[in-house]
1. In the stretch 33-52, how many residues are within 16 Å of Leu89 (Cβ to Cβ) and either within 14 Å of the chain's Cα centre (by Cα) or at pLDDT 95 or above (or both)?
2. Out of all the residues in the stretch 53-87, which are assigned to a helix (DSSP H, G or I) and over 9 Å from the mean Cα position of the chain (by Cα)?
3. Output the number of residues of the stretch 55-85 satisfying the condition of being surrounded by fewer than 13 Cβ atoms within 10 Å (Cβ to Cβ) and farther than 18 Å from Arg33 by Cα.
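The values are calculated or read from the model by the stated rules, or taken from the named source; none is laboratory data. What you see is a predicted model; the values in this text were computed from it and never measured. Here the Cβ positions follow ideal geometry from the backbone for every residue, glycine too, while neighbour counts run over all protein chains shown.
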Amino acid sequence: MSIIRTLELRIQNRATETRASRLRAVKLDCGFRADIVVDQRVAVELKCKDVLHPVDEAQLLSHLRLLNLPIGILINFHVVLLKDGIKRLVNNYTEPVSEHVKSA
């Protein structure tokens, strides 16, 4: 099986799916749309803007929290090199605690 076919099977396009969600016991009837959800593990938000704003990151983090997903990728296509337009966000990330603390 080709890698493209494998990805086609794993990617579930959520662009047309609207979900009514509950947040703090308040029902949100407007729903939300995640651009792409891959294998129920990663949300991908697609943009084409001159500059990404903090609200774009907040939108992706909201999708991660509501879908209970650990990782999200924000992709901006309005860049010369695509690698410059990719940002990875993590839901509920905490810094690991080091077991060995050096003394001064």
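1. Keep residues of the stretch 33-52 that are within 16 Å of Leu89 (Cβ to Cβ), which gives 34-38, 41-47, 52.
Applying the additional criterion that residues be either within 14 Å of the chain's Cα centre (by Cα) or at pLDDT 95 or above (or both) yields 34-38, 41-47.
Final tally of qualifying residues: 12.
2. Quick first cut of the stretch 53-87, residues assigned to a helix (DSSP H, G or I) only: 54-67, 82-85.
Selection gives Pro54, Val55, Asp56, Ala58, Arg65, Leu66, Leu67, Leu82, Lys83, Asp84, Gly85.
3. So the answer is 7.
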